[in-house]
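See below for the structure under consideration.
The values are calculated or read from the model by the stated rules, or taken from the named source; none is laboratory data. All of these numbers come straight from a predicted model, not from anything done at the bench. Methodologically, a virtual Cβ is constructed for each residue, glycine included, from the backbone with ideal geometry; neighbour enumeration extends over all protein chains shown. For accessibility, only protein heavy atoms count, side chains too; no ligands or nucleic acids. Shrake-Rupley method; radii C 1.70, N 1.55, O 1.52, S 1.80 Å.
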Amino acid sequence: MRSIAKNIAAIQARKATAARSAGRDPESVVIVAVAKRKPASDIEQAYAAGLTNFGENYLQEAVPKIAALGHLPLTWHFIGSIQSNKTRAIAEHFDWVHTVERIKIAQRLNDQCPAGKTLQACLQVNIDADPAKAGVALENAADTVLGMANLPALRVRGLMAILNADADPQVSYQRMHELFIELGKCAPEPWDTLSMGMSRDYPQAIANGATHVRIGTEIFGARD
């Protein structure tokens, strides 16, 4: 099994190739290392290999790791489903939230954000209209973005998607990029974040404008 550092080096090279093929600067793409079900020691190894952005799906698992790694300059991204009773802790512990899909949740995150803090947020879009997936419907995306823009402690930065397992990544990611461009005409600045792509398809996401790719298995190996 390759080490975490070697895995990251391979991913950085693959990211750079995908970005240059699309005429983009590789530095314009952030790797969010998805560390769910992985120990803090693995995150420390990934940090030593050059990563500073880490994603967590489960709040109860994440909070102790965030506390244990408080001595490191890490940026924490919440990428799991959000229940109303979890919004306060998410707002307190995370820097980014990728999975806002309702104004109610956005309002709670805003209201419970610590004084002086601004939470960076993405609107999750159900780009494949999958009834089993979370996310706002395409026809409601613009109104939701504008509603989020009125919340002072929340800065809506862009869009996020998780594809249907049977979706064609090229088709879905192109549709996401088109929606991102369209909403950028009315969204507040900075409108600069397109969070899409995972271990199996992140080069295709980068080809379609992804600025944040969420990679877990290729960095840390299979989860228990």
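Restricting attention to the stretch 141-161, report how many residues are in a helix (DSSP H, G or I), within 21 Å of Arg88 (Cβ to Cβ) and open to solvent by 10 Å² or more (accessible area, probe 1.4 Å). Give the steps one after another, and end with the answer.
The initial filter retains those residues of the stretch 141-161 that are in a helix (DSSP H, G or I), namely 141-149.
Going one step further and asking which of them are within 21 Å of Arg88 (Cβ to Cβ), we end up with 147-148.
Of the ones still in play, those that are also open to solvent by 10 Å² or more (accessible area, probe 1.4 Å) are 147.
The number of residues fulfilling the criteria is 1.
The set of residues from the stretch 162-183 being assigned to a loop (DSSP other than H, G, I, E, B), within 18 Å of the chain's Cα centre (by Cα) and not hydrophobic (A, V, I, L, M, F, W, C) comprises just one member, Asn164. Taking the conditions (1) closer than 24 Å to Asp201 by Cβ; (2) open to solvent by less than 60 Å² (accessible area, probe 1.4 Å) in turn, Leu69 satisfies each one other than (1). Inspection of the stretch 193-210 finds no residue satisfying the criterion of being of a type in the set (Phe, Trp, Tyr), touching a Lys or Arg at 6+ places or on another chain (Cβ under 9 Å) and more than 18 Å from Ile79 (Cα to Cα).
Hand me the list of strands (runs of 3 or more DSSP E) wholly inside the stretch 36-120 holding 3 or more residues that are farther than 25 Å from Gly135 by Cβ.
Working: elements: 53-56, 75-78, 96-100.
In the stretch 36-120, no matching strands (runs of 3 or more DSSP E) lie anywhere.
Per the conditions (1) open to solvent by 30 Å² or more (accessible area, probe 1.4 Å); (2) without any contact (Cβ under 8 Å) to a residue 40 or more places away in the chain, the sole criterion not satisfied by Glu218 is (2).
Where residues in the stretch 38-56 are crowded, with 17+ Cβ neighbours inside 10 Å and among the small types (Gly, Ala, Ser), which of them is nearest to His71 (Cα to Cα)? The extreme case among them is Ala46. When Val32 is tested against (1) open to solvent by less than 20 Å² (accessible area, probe 1.4 Å); (2) among the hydrophobic types (A, V, I, L, M, F, W, C); (3) in a helix (DSSP H, G or I), just one condition goes unmet, and that condition is (3). Considering only residues of the stretch 2-29 that are of a type in the set (Gly, Ala, Ser) and either closer than 16 Å to Met198 by Cα or in a loop (DSSP other than H, G, I, E, B) (or both), which is farthest from the chain's Cα centre (by Cα)? Looking at the filtered set, the residue picked out is Ser3.
Within the stretch 179-200, can one find any residue that is within 26 Å of Glu92 (Cβ to Cβ), at pLDDT below 95 and touching a helix residue (DSSP H, G or I) at 6+ places or on another chain (Cβ under 9 Å)? Among the residues of the stretch 179-200, at least one is within 26 Å of Glu92 (Cβ to Cβ), at pLDDT below 95 and touching a helix residue (DSSP H, G or I) at 6+ places or on another chain (Cβ under 9 Å), which makes the answer yes.
Being open to solvent by 40 Å² or more (accessible area, probe 1.4 Å), farther than 30 Å from Ser84 by Cβ and either at pLDDT 95 or above or in contact with a strand residue (DSSP E or B) (Cβ under 6 Å, 6 or more places away or on another chain) (or both) is not true of Ala18.
Out of everything in the stretch 97-113 that is open to solvent by less than 50 Å² (accessible area, probe 1.4 Å) and without any contact (Cβ under 8 Å) to a residue 40 or more places away in the chain, what residue ends up being nearest to Ala48 (Cα to Cα)? It comes out as Val97.
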